[in-house]
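The values are calculated or read from the model by the stated rules, or taken from the named source; none is laboratory data. On a predicted model such as this, the values are computed, not experimentally measured, just so you know. Ideal geometry is used to build each Cβ from the backbone, glycine not excepted, and the neighbour counts take in all protein chains shown. Just the protein is used for accessible areas: all its heavy atoms, side chains included, with ligands, DNA and RNA removed. Shrake-Rupley method; radii C 1.70, N 1.55, O 1.52, S 1.80 Å.
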Amino acid sequence: GAGVSQSPSNKVTEKGKDVELRCDPISGHTALYWYRQSLGQGLEFLIYFQGNSAPDKSGLPSDRFSAERTGGSVSTLTIQRTQQEDSAVYLCASSLAPTRWETQYFGPGTRLLVL
Amino acid sequence: DQQVKQNSPSLSVQEGRISILNCDYTNSMFDYFLWYKKYPAEGPTFLISISSIKDKNEDGRFTVFLNKSAKHLSLHIVPSQPGDSAVYFCAAGLAGGTSYGKLTFGQGTILTVHP
């Protein structure tokens, strides 16, 4: 597709379960970003990939959160032992390169609800 | 610590009038600032940006003003149209180091333009 896609669009899980969120960036975009938006909050930076490496993981809230990117394309954000405070919309964005900051294209997000 | 703040959660404007959205930041090291627009169930889309070396940038109906001494930026939409109704996020970034491309977002302002 032409844009950033994310799956699933919605996920409801029970506290303590693991979840995987997927992001397909725009083809050819080397930079990939994960953000999350909790209710009433702005977008919170989680992690950034340049190619398959993550120079900046400073936003990951805890060691329950991890992310990987393979083949310089698809990225997966994994949350282990989910907690209710993990409920949020998780947004992925990509750009041609990290220098092209004005062209971060966002996906529609995955809405995660932890019961 | 909320480094980027949008203190008005909502704004209501009559069609044809000016909409002014405000944003304050605390980190004087930010090099560039952006405004994103977000419709429900969609990811944010880039609207307009400004570098810290400028105090104004204009693109059609949208103008962003930056007051570095006050650490304040604003987005002006003239004339406002009903299709402008959305959530507007301001964001700021640093141009160097491993943080390049990482954006810090405000909480968003819901703009409603009435016909």
| query | Can you pull the mean other chain C-beta count within 10 Å for peptide B:26-39? | reply | 1
| note | A correct Karplus calculation of ³J(HN,Hα) over the stretch A:63-71, with 6.51 cos²θ - 1.76 cosθ + 1.60, θ = phi - 60°, whole Hz and x for Gly and Pro, returns 6, 6, 9, 8, 8, 9, 9, 10, x
| Accessible area per residue, 1.4 Å probe, Å², for the stretch B:1-49: what's the number? | 53
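Any idea of the accessible area per residue across chain A, 1.4 Å probe, to the nearest Å²?
Values: 5270 Å² over 115 residues.
So chain A comes to 46 Å² accessible per residue, rounded to a whole number.
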| Residue by residue through the stretch A:8-24, which ³J(HN,Hα) values in whole Hz follow from phi under the Karplus form 6.51 cos²θ - 1.76 cosθ + 1.60 (θ = phi - 60°), with glycine and proline marked x? | x, 6, 9, 9, 10, 9, 8, 3, x, 7, 8, 9, 10, 10, 10, 9, 10
| Built amide H within the under 5 Å cut-off of A:Lys57, gap 5+ | none
| said: Using a 10 Å cut-off around each Cβ of peptide A:105-112, what is the average number of partner chain Cβ atoms that fall inside? | reply: 3
| query | Which whole number gives the average count of other chain Cβ atoms within 10 Å of the Cβ atoms across peptide A:67-79? | reply | 0
| remark: Here the stretch A:103-113 yields Karplus 3J(HN,Hα) values (6.51, -1.76, 1.60; θ = phi - 60°; whole Hz; Gly and Pro given as x) of 10, 7, 9, 9, x, x, x, 10, 8, 9, 10
| query | At a probe size of 1.4 Å, how large is the accessible area of A:Asp63, to the nearest 10 Å²? | reply | 130
| R0 of 41 Å, Cβ-Cβ distance B:Glu58-A:Thr70: FRET efficiency to nearest 0.05 | 0.45
| said: Could you sort A:Thr103, B:Thr26 by their accessible area in this structure, using a 1.4 Å probe and putting the largest first? | reply: B:Thr26, A:Thr103
| task | Could you tell me what percent of the accessible area of the protein assembly as shown is made up of carbon and sulfur, with a 1.4 Å probe and every protein chain present? | result | 49
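Enter the buried accessible area of the B/A pair, total of both sides, probe 1.4 Å, in Å² rounded to the nearest 100.
Between B and A, the summed buried area is about 1700 Å².
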| said: I'd like the accessible area for A:Asp24: 1.4 Å probe, protein heavy atoms, all chains in place, Å² to the nearest 10. | reply: 40
